[in-house]
Amino acid sequence: GILSALGNFLAQMIEKKRKQENSRSLDVSGPLRYAVYGGKTPQPSPPR
């Protein structure tokens, strides 16, 4: 859906920034991407 597309777009932006800023921002971009995916993309709940 739209949220997954937005997540992909944000991930690509983060990848580009990470490559530009070199490996020093690796510590930040890792958790940041996890926060973006965890917060923006809906997690499928198990059926009950």
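No lab work stands behind these numbers, since they all come straight from the coordinates. All of these numbers come straight from a predicted model, not from anything done at the bench. Heads up, the Cβs are rebuilt from the backbone with ideal geometry, glycines too, and the neighbour counts pull from every protein chain shown.
Summary table
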item: In nm, spacing of pseudo-spin labels at Glu15 and Leu32 (7 Å Cα→C-beta vector); result: 1.6 nm
item: Order of Ile14, Ile2 under a 10 Å beta carbon neighbour criterion, fewest first; result: Ile2, Ile14
